[in-house]
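The values are calculated or read from the model by the stated rules, or taken from the named source; none is laboratory data. Predicted, not measured: the structure shown is a model, and the values here were computed from it. Glycine gets a Cβ as well: all are built from the backbone with ideal geometry, and neighbour counts include every protein chain shown. Calculation scope for accessible area: heavy atoms of the full protein, side chains included, ligands and nucleic acids excluded. Shrake-Rupley method; radii C 1.70, N 1.55, O 1.52, S 1.80 Å.
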4 protein chains.
Amino acid sequence: MSGVAIHKFTTAHPGDVSGYKLLPKSCAPEDLVAVIGKTEGNGCVNDFTRMLSSTVWDPLLEASHGISVFSGGTEGVLSPHVSLVTKEADYLNVDGSKKYSEGLVAKVGGTRDFEPWEMGTEVQAKITAETVKKLMAELEVEADDVHMVLVKCPLLTTAKVVASAKPCVTVDTYKSMGYSRLATAVGIALALGEVAEDGIKTALDSYGEVGWSSRASCSSGAELENCHVVVLASSKKASNPYRALHGYMADAIDLKVLLELTSKIPEGAERTQIFVKAEPSTDGVVRGKRHTMMTDSDIQGTRHARAAVGGLVAGVWGETDVYVSGGAEGQGPMGGGSVCVVYKV
Amino acid sequence: MSGVAIHKFTTAHPGDVSGYKLLPKSCAPEDLVAVIGKTEGNGCVNDFTRMLSSTVWDPLLEASHGISVFSGGTEGVLSPHVSLVTKEADYLNVDGSKKYSEGLVAKVGGTRDFEPWEMGTEVQAKITAETVKKLMAELEVEADDVHMVLVKCPLLTTAKVVASAKPCVTVDTYKSMGYSRLATAVGIALALGEVAEDGIKTALDSYGEVGWSSRASCSSGAELENCHVVVLASSKKASNPYRALHGYMADAIDLKVLLELTSKIPEGAERTQIFVKAEPSTDGVVRGKRHTMMTDSDIQGTRHARAAVGGLVAGVWGETDVYVSGGAEGQGPMGGGSVCVVYKV
Amino acid sequence: MSGVAIHKFTTAHPGDVSGYKLLPKSCAPEDLVAVIGKTEGNGCVNDFTRMLSSTVWDPLLEASHGISVFSGGTEGVLSPHVSLVTKEADYLNVDGSKKYSEGLVAKVGGTRDFEPWEMGTEVQAKITAETVKKLMAELEVEADDVHMVLVKCPLLTTAKVVASAKPCVTVDTYKSMGYSRLATAVGIALALGEVAEDGIKTALDSYGEVGWSSRASCSSGAELENCHVVVLASSKKASNPYRALHGYMADAIDLKVLLELTSKIPEGAERTQIFVKAEPSTDGVVRGKRHTMMTDSDIQGTRHARAAVGGLVAGVWGETDVYVSGGAEGQGPMGGGSVCVVYKV
Amino acid sequence: MSGVAIHKFTTAHPGDVSGYKLLPKSCAPEDLVAVIGKTEGNGCVNDFTRMLSSTVWDPLLEASHGISVFSGGTEGVLSPHVSLVTKEADYLNVDGSKKYSEGLVAKVGGTRDFEPWEMGTEVQAKITAETVKKLMAELEVEADDVHMVLVKCPLLTTAKVVASAKPCVTVDTYKSMGYSRLATAVGIALALGEVAEDGIKTALDSYGEVGWSSRASCSSGAELENCHVVVLASSKKASNPYRALHGYMADAIDLKVLLELTSKIPEGAERTQIFVKAEPSTDGVVRGKRHTMMTDSDIQGTRHARAAVGGLVAGVWGETDVYVSGGAEGQGPMGGGSVCVVYKV
């Protein structure tokens, strides 16, 4: 089966792999399925902390053909960390029967590389959708079982734009990050049945306002040319103590949904991790009042959003090594963002 | 009496005084006691949005000899706004008796200008304390009645440091902001009896770890050379519907205290404003986990702290034009910050 | 006649008008034609130092119906300053004949306000061209006589984009600054006969690569909705000791052209001011080698360009209060920028 | 002998080692003595591009026990690149006699690791001096033969400060970079006889104003705990076509010295590389006019200085992959910086 556990470790710097040695002794090298990390860069185009983390972690993922997803940006109180997703055998009773009636499962995979002119387009959306569907099939789960599809997707650099054989979706390298996340999210929504095939264009054109998924979590980076995909789901076929919940923040200060989701964690359960997407609302306001995240030429909007939502999420979760990622185009409603909570009963 | 009301208006830009015209018609020019604003600059040394706001508001404060306190920095979801503190006559019943048994009162004043070498030192602390005590005496309130002492204090620029006749507390202009806030806060603590005269040195030397006030709210700026002081208190001698509460965040993610304070607001009361101080903890951790606010050379630590705490406070308060100010040296415990809540019954 | 002098003063901060009092006593209030300043903001969307400077200088320009052009950004060695353009009567010999056979002349004016959807488009180009032509006619100069057309043009804020009745050229506020400068520059090129009416579209579509003016100097800001225009020219009808030269940097490190232009200043003449436009080349390279100005998400490309070109220009000019402005779309060749040198014989 | 060549390659990103394969075929792995690179980070505390470059280059330096020196920050026009210093056998005539009467020589080495409380102090200066002297002895060169001592030195992070057994020179992580560079530079000056042993304290206390070396080039980073030292000199005992010159910029716009030094390069010689240090002058002015490099809370002063001086140096050198490093405490006069020029006859 594809049962998984999630182990979280803080990092001293983006090149720190010390968490690897802290994994349970039962974890063999081929059991490390995915590394999902927050690094302390700017989370934007020239964030090479992600590349540094990939450089040191990817060799440790070779044995398992696993993937890494590093999201840059630990603004405000956020603490750099890695969540190591490892294979977890079914928990059995002494009589060999399953100890739990369900469990957390995960599969990872990659799309093909994208050409510069494909990034941020329908092509990227459809190819991502195919990969998500393939992973869901391998997991033997339905759309309703899925709690989060976490994707690391590529971006455009000036060099790529200049070298591109066809026009790119934008020449602005920072903006290309948003288009790439959007196309990826629309692909996830397609795979999960939240957007129909003929709704892709509308979703892309509306910049995710019409057609989005509350289970998509996408971050873009210069360190790859394809999409790295992690599908996280619940399955009755697995038997382990990890559980997940999902929902979405309706705006950047939606404390209510965070309190509701966390209140569903049973008494005595252990909080594993919370994954949240954040963004500056494109209409320039939060609950009718002007924000300055998009008119600040010193700090990028995604950095502002991560810091603010990170402060709220850390306040609710009670710790600061939470996964808050910036740029939520198509990943929850405009101005809000997807939320996924994992805990251990 | 010194009864006051607080009227809050969002601003379109730092030069926007349109809120002035939206004051109740009963407000005469001489009734505007103080303008307490958040502007959309970086809140640091070269934040000229504060100077712009002073330039346009100060003429409107002349009639009342009122003062302005502009705190720069609306990172994350925070919304630029002004809180206009206006004189509010006692509310009376038809028989001429007081309608309320208490009310919110305020007095404003300024210290003398400080020399460059006095900034951030015991001199600044003591002179600030004198002004606070004078205002408390004028208000006829005791230390226990005071909810917040809000101060705008000066900072050192390169020009001032170079021209100074004596050595300054620091040559680092950004750092001078912290020292100025610290000395001011220690002065407030002295006036409120939270620090003894012989404890000033310890408080300054410990950078506010030993000796602080949960009712101090200080912000520094290049637009003035003295301290602008606002004392906000409850008084049995006044009769108006404004009430205040105070407390402090123990760290930057202290959701608990915010929920506790707001839960004390009576059902049906109207939320007026919340004033919170924020800072990156100097030990580099929040609840034991590393933050990157002080090792980020792209974004100053106070900006990070405002964004994160701003996200949390806005989530709790339910709106984004809250007053969250960065740099809480001596204004609450290390890493935390003072909190003052105003509401209208 | 429209003879002018240029007086340069450093400023202590963006609200500093002390230079006004240092003007020659012969200058009456109605003689101040234009204030051309560099302020120490980020030169981008949320640069309110320009608004602060306008707020304090514009009242001083009322008597003359003069205009202000503040360009934000004094990165690197650049020193904040103002150049005051004042009316200068013809220099005469004792016999009443003209002392000089030529002189520097200038006229200022403004276009109508632009709607959000007009900014950065052909409309803005054409209307700017009309104003430039009108001012040239008033000056009685030909295109060849003109050395510089300096314009302050508007930009798009999130609020304007959201409120716009029609689609805007971009929703990205920082990018709107470039489009506005481009349209303005193309308008200047049209007025000067460097671009034909039917070449406007090509010039705009090519982002100034095809169709530009080496005499255009445009900067955009949030502090106005129309274009402020200054035309600077040589005229045989005037008699004063001010002279000007113009040329363009072919790329951002074009030391050669700067040395050539300055070598034309006669021995013994006094250097008045140099006006230079700078930008990151859009192909991502300078003389074939990669630059990082457009992939840096912490510092905007125009800031990088101003700092670098500012260092070079200050080195050549020998002082740091030179006018170097960022964003040279259509103002010189791609990656380079217009240059205008003023001196006094 | 210790003859060396310098080969320069631009890099596509900080993890790019493609230049290694472009070395002449005659270069064996043990011939790579040093990698001196400019990376595209912020050059400050959280610049992990240096760590990324170290991570990918250091394995290639193992065979030769070579060292890497990565200086972060390619602001403005500067182009990320690496200069590979390789062993170069003496050039001989067919009769076995030396082809050249002199040549460029180099040696590299490292000091011991420094404790947090030693950084920026006399201890660091003296230990650095010892290493420099040792390398000079190995090279059999005198102080006058040395053109540049290039050092990568450590810095303080919040974690180190907190963990330190004794008080550190500063708790400000960004400032620690300057103190570390200063102590290193003073150590170099000591080794070269430019500062006497009893002048160390004065040099440190004056922040390099009294007691500096025009041949010191120091940059600090979080990626090491000791000093990496490269000594570059001319030697009559070597025979190769590489030559070097040195001097210093008296201030940040000292075009004159750059033109003088480059004018000494013989006609027909090939320009190899120029190494320059840059800094914001601590008195806040350049040639009497205010700069804003130290009051800008958005961009660190060293970034400003690199951008400006980089623009000037690239203009003179005619290419943008020049080595300009920020923070010149004790490396040239206050506000200026050391300059070293290498060419091939």
Go through (1) touching a strand residue (DSSP E or B) at 6+ places or on another chain (Cβ under 7 Å); (2) under 30 Å from C:F48 (Cα atoms) and name the single condition A:R271 misses. (2)
Of these, B:E194, B:E223, which one is in contact (Cβ under 8 Å) with a residue 60 or more places away in the chain, in contact with a Gly (Cβ under 9 Å, 6 or more places away or on another chain), open to solvent by 20 Å² or more (accessible area, probe 1.4 Å) and not hydrophobic (A, V, I, L, M, F, W, C)? B:E223
Residues of the stretch C:93-109 being in contact with a helix residue (DSSP H, G or I) (Cβ under 6 Å, 6 or more places away or on another chain) and open to solvent by 50 Å² or more (accessible area, probe 1.4 Å), which ones? C:K107
Out of curiosity, is B:D90 away from chain A (no Cβ under 14 Å), surrounded by fewer than 19 Cβ atoms within 10 Å (Cβ to Cβ) and not polar (S, T, N, Q)? yes
Can you pull out the residues in the stretch B:308-327 that are open to solvent by less than 10 Å² (accessible area, probe 1.4 Å) and either more than 14 Å from chain A (Cβ to nearest Cβ) or of a type in the set (D, E) (or both)? B:D321, B:S325, B:G327
Taking the stretch C:247-265 and keeping residues open to solvent by 60 Å² or more (accessible area, probe 1.4 Å), in contact with a strand residue (DSSP E or B) (Cβ under 8 Å, 6 or more places away or on another chain) and outside any strand (DSSP E or B) leaves C:E260, C:K264
Against the definition (more than 9 Å from every other protein chain (Cβ to nearest Cβ), open to solvent by less than 10 Å² (accessible area, probe 1.4 Å) and out of contact with any Gly (no Cβ under 6 Å at 6 or more places or on another chain)), how does D:Y343 come out, yes or no? no
Evaluate the following for C:T282: is it within 11 Å of another protein chain (Cβ to nearest Cβ), of a type in the set (V, I, T), in contact (Cβ under 8 Å) with a residue 60 or more places away in the chain and in contact with a Cys (Cβ under 9 Å, 6 or more places away or on another chain)? no
Given the conditions (1) within 29 Å of B:V4 (Cβ to Cβ); (2) of a type in the set (S, T, N, Q); (3) open to solvent by 10 Å² or more (accessible area, probe 1.4 Å), and given that B:T282 satisfies all but one, which numbered condition is not satisfied? (1)
Would you say C:A244 is more than 14 Å from chain A (Cβ to nearest Cβ) and open to solvent by less than 60 Å² (accessible area, probe 1.4 Å)? yes
Looking only at the stretch D:288-307, and only at residues there that are polar (S, T, N, Q) and touching a strand residue (DSSP E or B) at 6+ places or on another chain (Cβ under 9 Å), the one that is nearest to the other protein chains (Cβ to nearest Cβ): D:Q300
Note on the stretch C:204-220: residues modelled with pLDDT of 95 or more, out of contact with any Lys or Arg (no Cβ under 7 Å at 6 or more places or on another chain) and open to solvent by less than 10 Å² (accessible area, probe 1.4 Å) are C:S213, C:A216
Looking at the stretch B:176-205, which of its residues are in a helix (DSSP H, G or I) and touching a Ser or Thr at 6+ places or on another chain (Cβ under 7 Å)? B:S176, B:M177, B:Y179, B:S180, B:R181, B:A183, B:T184, B:A185, B:G187, B:I188, B:A189
Considering the stretch D:11-27 alone, what residues qualify as being out of contact with any helix residue (DSSP H, G or I) (no Cβ under 8 Å at 6 or more places or on another chain), within 22 Å of D:T49 (Cβ to Cβ) and open to solvent by 30 Å² or more (accessible area, probe 1.4 Å)? D:S18, D:K21, D:L22
Going through (1) in a loop (DSSP other than H, G, I, E, B); (2) touching a strand residue (DSSP E or B) at 6+ places or on another chain (Cβ under 7 Å) one by one, A:S26 fails only at (2)
Given the conditions (1) open to solvent by less than 10 Å² (accessible area, probe 1.4 Å); (2) hydroxyl-bearing (S, T, Y); (3) within 16 Å of the chain's Cα centre (by Cα), and given that A:T272 satisfies all but one, which numbered condition is not satisfied? (1)
Could you tell me whether any residue of the stretch B:110-119 is surrounded by fewer than 19 Cβ atoms within 10 Å (Cβ to Cβ) and within 16 Å of the chain's Cα centre (by Cα)? yes
Assuming A:S297 fulfils every condition listed in (1) free of Cβ contacts under 8 Å to residues at least 24 places away in the same chain; (2) surrounded by 24 or more Cβ atoms within 10 Å (Cβ to Cβ); (3) of a type in the set (S, T, N, Q) apart from one, which condition is it? (2)
Answer yes if at least one residue in the stretch C:55-70 is buried (at least 23 other Cβ atoms within 10 Å of the Cβ), over 15 Å from C:V4 (Cβ atoms) and within 14 Å of chain D (Cβ to nearest Cβ), and no otherwise. no
Could you say whether any residue in the stretch C:44-64 is β-branched (V, I, T) and under 19 Å from the mean Cα position of the chain (by Cα)? yes
Listed by first then second residue, the pairs whose first member lies in the stretch B:133-145 and is over 20 Å from B:G110 (Cβ atoms), whose partner is surrounded by fewer than 15 Cβ atoms within 10 Å (Cβ to Cβ), with beta carbons under 8 Å and at least 6 positions apart or on separate chains, are B:A143/B:G193
Taking C:T74 as the residue in question, decide whether it is modelled with pLDDT of 95 or more, open to solvent by 10 Å² or more (accessible area, probe 1.4 Å) and within 14 Å of another protein chain (Cβ to nearest Cβ). no
Would you pick out the residues in the stretch C:28-54 that are crowded, with 20+ Cβ neighbours inside 10 Å and either among the aliphatic types (A, V, I, L, M) or more than 14 Å from every other protein chain (Cβ to nearest Cβ) (or both)? C:D31, C:L32, C:V33, C:A34, C:V35, C:I36, C:V45, C:M51, C:L52
What residue, among those in the stretch C:225-241 that are touching a strand residue (DSSP E or B) at 6+ places or on another chain (Cβ under 6 Å) and assigned to a loop (DSSP other than H, G, I, E, B), is nearest to the other protein chains (Cβ to nearest Cβ)? C:N226
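Conditions tested, residue by residue: (1) part of a loop (DSSP other than H, G, I, E, B); (2) open to solvent by 20 Å² or more (accessible area, probe 1.4 Å).
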site	(1), (2)
D:T128	no, no
D:V132	no, no
D:L156	yes, no
D:A165	yes, yes
Can you spot a residue in the stretch C:29-41 that is modelled with pLDDT of 95 or more and assigned to a loop (DSSP other than H, G, I, E, B)? yes
Quick one: is A:G120 in a loop (DSSP other than H, G, I, E, B), over 16 Å from A:G332 (Cα atoms) and more than 14 Å from chain C (Cβ to nearest Cβ)? yes
